[in-house]
Amino acid sequence: MAKPPSIRELLLKIQILELNQQWLNRVLIAYGLPIGTWLSPFKAASVLGVSLDRIKLEVERAERLRALGKKGDIVYGQHYRNGQDPEAQQASWQINVVEFSKILDIPPDQRKVT
């Protein structure tokens with residue numbers, strides 16, 4: 001059985017993770033992306049490596065299900081949200097790229113609708 005890591009080893013790993021996070025933040029800034037998980041569909045598509053149409057299709061599907069009172073695997077407020085004033089006529093969608101990427105990893109035949 002493997003010996004658990006020491007406090008010193010864990011602190012070193014944390015330091016390495018913090019340095020990696022700083023590096024990733026610099027890369028995001030260099031590419032003009034905001035630091036955070038909520039991005040516009042256009043920027044989210046670029047980060048996630050999918051088309052803008054795919055993002056829009058997923059959000060539209062989720063909105064149709066939400067309007068019908070059904071639950072899908074994409075949840076409003078967790079995977080996407082409307083970042084605009086509720087009185088506005090056109091939605092201004094924002095995508096949580098961390099949560100949305102988890103959904104994109106699910107094979108299409110295993111996606112749920114309840």
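The values are calculated or read from the model by the stated rules, or taken from the named source; none is laboratory data. Computed from a predicted structure; not experimentally measured. Every residue, glycine as well, gets a Cβ built from its backbone with ideal geometry; the counts of neighbours run over all protein chains shown. Accessible surface areas use protein heavy atoms only, side chains included; no ligands, DNA or RNA. Shrake-Rupley method; radii C 1.70, N 1.55, O 1.52, S 1.80 Å.
Residues in the stretch 40-50 that are closer than 21 Å to residue 110 by Cβ and either polar (S, T, N, Q) or exposed (fewer than 11 other Cβ atoms within 10 Å of the Cβ) (or both): 49 only. For the stretch 65-72, state whether one or more residues are under 22 Å from residue 110 (Cα atoms), in contact with a strand residue (DSSP E or B) (Cβ under 8 Å, 6 or more places away or on another chain) and open to solvent by less than 100 Å² (accessible area, probe 1.4 Å). Yes, because at least one residue in the stretch 65-72 is under 22 Å from residue 110 (Cα atoms), in contact with a strand residue (DSSP E or B) (Cβ under 8 Å, 6 or more places away or on another chain) and open to solvent by less than 100 Å² (accessible area, probe 1.4 Å). Residues in the stretch 82-114 that are open to solvent by 80 Å² or more (accessible area, probe 1.4 Å), outside any helix (DSSP H, G or I) and modelled with pLDDT of 85 or more: 105 alone. Just for the stretch 55-81: of the residues that are among the basic types (Lys, Arg) and part of a helix (DSSP H, G or I), which one is nearest to residue 39 (Cα to Cα)? Among those that are among the basic types (Lys, Arg) and part of a helix (DSSP H, G or I), it is 56.
Considering every residue within the stretch 19-39, establish whether at least one is under 11 Å from residue 97 (Cα atoms) and either open to solvent by 80 Å² or more (accessible area, probe 1.4 Å) or aliphatic (A, V, I, L, M) (or both). Scanning the stretch 19-39 turns up at least one residue that is under 11 Å from residue 97 (Cα atoms) and either open to solvent by 80 Å² or more (accessible area, probe 1.4 Å) or aliphatic (A, V, I, L, M) (or both).
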